[in-house]
Each structure stands twice: as C-alpha cells, then as structure tokens.
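The next block holds one structure in the form of structure tokens; read it before the comments.
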Amino acid sequence: MKKFNDIKGFIFDLDGVISTTSNLHSKAWQEIANEVGTKWTKELANNLKGVSRMDSLNLILKSGNQNHNYTAKQKKYLTDKKNSIYLRLVNQLTPYDVLPGIKDFLESLIRNNYLIALASASKNSSEVLKRLKLTRFFPKIVDPSTLKHGKPSPDIYLEAVKLLKLNPEQCAGIEDANAGADAINAANEISIGIGNKDILKQADIVFSNTEKLTLDNIKKFTTII
Ligand code: BG6
Ligand code: MG
C-alpha cells in the first residue's frame with residue numbers, strides 16, 4: 001500500500017514532464033528516421049520517449065527492419081547527428097518552455113520541505129535546466145552515463161533515491177513515458193504519469209497535464225491506491 005504521508009521526495013523526469021523538450025527530441029529523431037528510411041509513426045514516437053540515445057536509434061532501425069545494416073561507427077555518426085540537431089533546437093529554449101504549473105509545483109515542494117531529484121535519461125539535462133532557469137531546484141541529478149541499464153530498468157530511479165538518502169517507498173516519480181513509468185514501478189516508488197491514462201496504464205496516478213500536478217491532487221489519489 002503506497003501512502004501520501006510516506007512521501008518525502010519527488011523524482012522528476014525532464015523531457016515531457018518539466019519542459020516541452022520531448023517534442024524537440026521527436027523532431028530530431030524524425031530527421032534521422034527519414035535519413036535511414038524508417039517510417040515515422042505516432043507509435044514509434046511514443047516508444048522512443050524516455051529511452052536513451054543509442055537505444056532510441058536501435059528502435060528506429062529495428063522498426064525499419066534494418067538493425068543489422070549499420071556498423072557501430074555508422075550508429076555513432078547517426079546519434080551524434082541527432083544530438084547536434086537536438087542541441088540546435090535546445091539553443092532556442094527559454095523559461096516559456098517550462099510546462100504549465102511545473103514551477104509552482106516545484107516551489108510548493110520546497111515550501112513543504114520535500115526533497116527533489118532529477119532522473120532524466122538525457123545527457124543534456126543540465127543544459128536544458130539552465131536554459132529553462134530551473135537549475136536551482138535540482139541540486140541532485142542522476143548522471144545517466146553512470147548507469148548500466150536505461151529506462152524501463154529501475155536503475156535511474158534507484159540511484160535518485162540514493163542521492164536523496166531515502167527509501168523507494170518514500171519517493172514518487174513523475175513520468176510522461178511508458179518506459180519511465182515502468183522504471184518507477186520497478187524501483188517500487190509511487191508512479192505519477194503525465195499524459196493519456198489509456199497509454200500510461202501502468203502508472204499509479206495519471207494526470208492529463210502538468211497543470212493538474214499539485215500536492216493536493218496527489219494526496220487525493222494516494223489515499224486510495
Ligand atoms: C529522454 C528523452 O529524456 O532522454 C529521450 O525522453 C532521449 O527522447 C533521452 O532519447 C536521451 O537524451 P539525450 O539528450 O542524452 O540524447
Ligand atoms: Mg519524458
């Protein structure tokens with residue numbers, strides 16, 4: 001039984017939870033998909049959410065039935081290319097790209113003495129937070145390059161718990177992606193999904209958008225799950 005009163009820390013995904021950057025990842029991957037001749041579909045775009053850079057490329061190649069046609073060197077070229085397209089888009093980010101309600105939610109967490117950590121698969125998260133002017137809220141950021149397994153494995157959420165010096169049952173994770181919600185569940189934390197509840201079926205609680213992400217709303221749900 002997961003209870004609101006046990007929660008002492010909130011662990012955030014970045015892309016698609018804090019900012020609109022999941023759209024920028026999608027845009028950049030779509031260019032790569034075109035280059036390798038993989039058909040871009042809504043389902044593919046959804047499956048890439050939360051997934052590391054190389055794993056994303058592998059999913060794109062697999063979806064076009066060509067996972068064996070590329071050498072490690074060619075894959076490195078393609079992931080580097082995706083990242084430079086993405087970074088060009090990130091360059092244009094401003095605090096207006098923070099999703100609605102997120103800054104208020106972060107401020108309410110600080111006021112109520114909750115601990116906060118970032119569990120993003122992105123190696124660009126510090127740069128993104130800087131552009132959004134949110135760095136001060138995230139003194140604890142898991143470095144995804146230190147992890148053995150990416151989402152949906154629990155590694156990143158377990159590492160965040162360690163950084164916060166809490167137990168998993170004392171933490172709630174917030175995710176917009178299936179891979180991310182699976183990772184939170186596998187880490188035995190409360191999973192809060194942002195998006196469509198018919199897609200984020202595995203999450204303990206789902207809010208249709210970030211504006212609904214408030215301590216009061218979370219409390220309402222965690223007394224019944
Ligand atoms: C996740 C995104 O947060 O980070 C994925 O949802 C992305 O789309 C992954 O592939 C890795 O990001 P980066 O910036 O290291 O390529
Ligand atoms: Mg995400």
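A few points about this structure:
- Test: Asn5 is over 21 Å from the mean Cα position of the chain (by Cα) and in a helix (DSSP H, G or I): yes
- In region 32-46, residue nearest to ligand 2 (Cβ to nearest atom) [restricted to those that are surrounded by 14 or more Cβ atoms within 10 Å (Cβ to Cβ) and at pLDDT 95 or above]: Ala45
- Per-region count, region 123-151, residues in contact with an Asp or Glu (Cβ under 7 Å, 6 or more places away or on another chain), within 12 Å of ligand 1 (Cβ to nearest atom) and open to solvent by 70 Å² or more (accessible area, probe 1.4 Å): 0
- Among (1) modelled with pLDDT of 95 or more; (2) assigned to a loop (DSSP other than H, G, I, E, B); (3) within 26 Å of Asp182 (Cα to Cα), the one test that Asn65 misses: (1)
- Neighbours by Cβ (under 7 Å, 6+ apart or cross-chain): first from region 167-181, at pLDDT 95 or above and assigned to a strand (DSSP E or B); second polar (S, T, N, Q) and open to solvent by less than 10 Å² (accessible area, probe 1.4 Å): Gly173/Ser191; Glu175/Ser191
- Members of region 8-31 that are within 11 Å of ligand 2 (Cβ to nearest atom), part of a strand (DSSP E or B) and among the small types (Gly, Ala, Ser): Ser19
The values are calculated or read from the model by the stated rules, or taken from the named source; none is laboratory data. Given the structure is predicted, the values throughout are model-derived calculations rather than measurements. Every residue, glycine as well, gets a Cβ built from its backbone with ideal geometry; the counts of neighbours run over all protein chains shown. Just so you know, the surface numbers come from the protein's heavy atoms only, side chains and all, with ligands and any DNA or RNA stripped out. Shrake-Rupley method; radii C 1.70, N 1.55, O 1.52, S 1.80 Å.
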